[in-house]
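One structure is given below, encoded as structure tokens.
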Amino acid sequence: MKTKSETVFITQEEFKSGLNWRSYLSLIYALVVFTPVAIYIQLVTVGVGGLWNMVGISTILVFTEFARLARQPLTKQEAVIIMNLAWQAVGITWLPLIYRLYYATSPIAAQFGITQNIPSWWAPPPPDAHVIYYEIRSFFHPSWTLVVTVQLISVALSICATIFNGILTRELYIEKEHLDFPMVTIATRAVVTLTEREERSLSLMSGVALIGFIYAFILYTVPMITTASGYPVRIIPIPWVDLTIGPYGIERILKGAAFGIATDAILFGTGMVLPFNIALSMLLGSLGVFMMANPILINLGISAWANPDVGYTPGMDMTLIWQKGTLYFWACPLIGMGLGAGSAVIVGRRKEIVDAFRSLFTFKKTSDTGPRYSGDAFSGKLMIILYALGFIGAIILDAILAPDFPLIAIVLFEGVLPIILAIIVVRIKGLTGQEFTFPYLRNIVILATGYDGYNAWFLPMNAETGAGFAGSFKMCQLTRTTAHSWVKAFILGRPVSILISLFYVSAFWSLAPIPSDLYPAPAITWPITAIFQSIWIRRPPGIFNPDLIIYFFTGTFALSYLFEYFKLPISILSVIMGASTPPAPFVTIMIGAIVGRIIAKFKGELWFEENKHTFAAGITLGEGLAIVIGTAVALTIRARWVRPW
């Protein structure tokens, strides 16, 4: 019996490689144009997601037009590989290392008594950390050697584990069970359609890109260039217009409330692409915490958050309310909500999970000599090598880095658990299209061992499921693209993306400290990350409250079932995502969603569904060009005229 995806895509044509000079050239284009976008967006705004999809679609549209002009149309196999390579532009390896410096020198780590216990393989030791972070701002310092070495080894091992689980689940769920992977099927249809579109598609994207470029030039390029010149000018606030304080601030009506509107256009584009109920769910979750719960806590004097000596005081802006509220109340409830939602998914998908394990022993065998459904198989020798590197290698690395952590826990977490999770997660994705991750799994495993040291909390324990690769293999099967060419493209692209990422992160860091007025987002989000990291490590009384975790776990678990029972079009996972972040980014996403519905009403649902990704891709392309220009000009100015900060 054929699945829906088979009836749309499957033909008798042979599998072909999509990896060639044209598809690899797309990698250079995507890395040069979009890597600085991905980095800069993380430095200046909060809440942007799905950038990888916009980058991929934009790159395909541009190269489709180039191929048409050359009278050599792009094949669907090339389009799939171009999408793969373009995604690498948003894989940033180096920015998290600067966060480590921030954490090692932060008052938060010092407040929790962690600073002196941070291992030297995770971040440079305190004396050097201060020099690097506050003075030289460079990766070229001897104290980085061990940190970078461990990071790159971890990335390499993680890639091997991801590919192994991707191939394993390909055999189980694509080759043997022929699962549909509904969301991958939709994405594949979009990719194939893009290669066959008329010239009007590029015209639409070009028009939107021009508008996006002009707006981003005002928003980002002007501040970058003027700051590099020593005379900073900011026309539009970054990352948001804060409506919490001031003459018309929301605090005049609701004490402890926070509200604003994010100014990045990519959030607007994200709203056009997201399902309307997802955008609404995130906004409701955020408003529930920051516009309703916070004022109630303040007015009733509940928790240290309501104590003016350490918590809320009038005049706090949205950033301070987010940071202080998280530290003195919301950290544990958010942990409980995450665990509750994750457990509800497991219970709700229990049939799929049981079937996932059963499928290991009941799938139908395929003739060794007959044609394969998903293309040529990978060799057993390769699988042995990938397992040895990805799993055994990770066990050895963790045992070396944290010798005081129980070896059995490392073996189970790095050598067994990722495969079990892959079997569960990928089957759920193949049946429902939803990709599930159990929150805080790593932290729960460490706590369960009774570990009272520090090193294990900094281990690169990733438990890669390979769900992304499994989805990519399904896309290859649908478009008759060889899975081997996909893996080769990924492996060839990753080192280049790491080097380009190093160049751009170093360039941005040389322009100004991170965080700073030029890069405000880390000053907002990094303290939140540091708070959660520190609370898990030390679990101090008064801040780490297990009762709150249990209460919110129970409430969220029950709420998930109520939503399901009454068939409410609200995503509980999206509500929780919104609850963890102030309203500003979700307001902008919601504006984009509303504008999208208006366009759909006037142009028709079919037209909008065909073109909504083009709108989002155009905004991303325009913003990317503005950021690239701003970066180049700012670096040139800084090279010629260095002024003190």
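The values are calculated or read from the model by the stated rules, or taken from the named source; none is laboratory data. In this text the structure is predicted, and so the values were computed from the model without any measurement. Heads up, the Cβs are rebuilt from the backbone with ideal geometry, glycines too, and the neighbour counts pull from every protein chain shown. We work out accessible area using only protein heavy atoms, side chains counted, and drop any ligands, DNA or RNA first. Shrake-Rupley method; radii C 1.70, N 1.55, O 1.52, S 1.80 Å.
Only one residue of Ala507, Leu287, Ile428 has its Cα farthest out toward the positive end of the dipole of the chain, where Lys and Arg carry +1 and Asp and Glu -1 on Cβ, and that residue is Ile428. Among the listed pairs Lys16/Lys76; Lys16/Lys381; Lys176/Lys429, a Cα-Cα separation exceeding 18 Å is found for Lys16/Lys381.
The accessible area of Ile537, taken with all protein chains in place and a 1.4 Å probe, comes to roughly 10 Å².
Only helical runs count toward this figure. For the chain, summing -39,500 (n - 2.57) over DSSP H runs of n ≥ 4 and dividing by all residues gives -20500 deg cm²/dmol at 222 nm. Each part reduced to its alpha carbon centroid, the range 28-42 and the range 139-167 end up 21 Å apart. Taking 7 Å steps out from each Cα toward its Cβ at Asn117 and Trp607 produces label points 6.2 nm apart.
Of the Cα atoms belonging to the range 26-160, the radius of gyration and Dmax stand at 19.5, 65 Å. Quick check: residue separation of Leu447 and Arg234 times 0.36 nm, minus the Cα distance between them. What number comes out in nm? Value of the extension gain: 72.1 nm. Cα gyration tensor of the range 271-317, axes a ≥ b ≥ c as square roots of the eigenvalues: rounded (a/c below 1.5), prolate (a/b > b/c) or oblate? Since a/c reaches 1.5 and a/b is larger than b/c, the shape of the range 271-317 is classed as prolate.
Extension gain, Glu135-Ile392: 0.36 nm per intervening residue step, less the Cα-Cα distance, totals 88.6 nm. Between the alpha-carbon centres of the range 232-249 and the range 483-497 there is a gap of 43 Å.
According to the square roots a ≥ b ≥ c of the eigenvalues of the Cα gyration tensor, what is the shape class of the chain, taking rounded for a/c under 1.5, prolate for a/b larger than b/c otherwise, and oblate for the remainder? Rounded. Segment Trp21..Phe503, full-extension length gain: 171.2 nm, with 0.36 nm per residue of separation and the alpha-carbon distance subtracted. Residue ranking by accessible heavy-atom surface, 1.4 Å probe, largest first, among Val147, Val575 comes out as Val575, Val147. Between the amide H of Thr45 and those of Ala521, distances stay under 5 Å, these residues lying 5 or more places away or on another chain, with hydrogens modeled in the peptide plane.
Ordering of 73-86, 407-420, 600-613 by packing is 73-86, 407-420, 600-613, highest average first (other Cβ atoms within 10 Å, averaged per residue). Here Trp87 sits with roughly 60 square angstrom of accessible surface, probe radius 1.4 Å.
About the centre of its Cα atoms, the range 156-314 shows a dipole size close to 320 debye [charges on the beta carbon of Lys, Arg (+1) and Asp, Glu (-1) only; nearest 20 debye]. The accessible surface of the chain, taken with every protein chain in place and a 1.4 Å probe, is 67 percent carbon and sulfur. Shown is the FRET efficiency for Val32 and Arg71, computed with R0 = 30 Å from the Cβ-Cβ distance and rounded to the nearest 0.05: 0.70.
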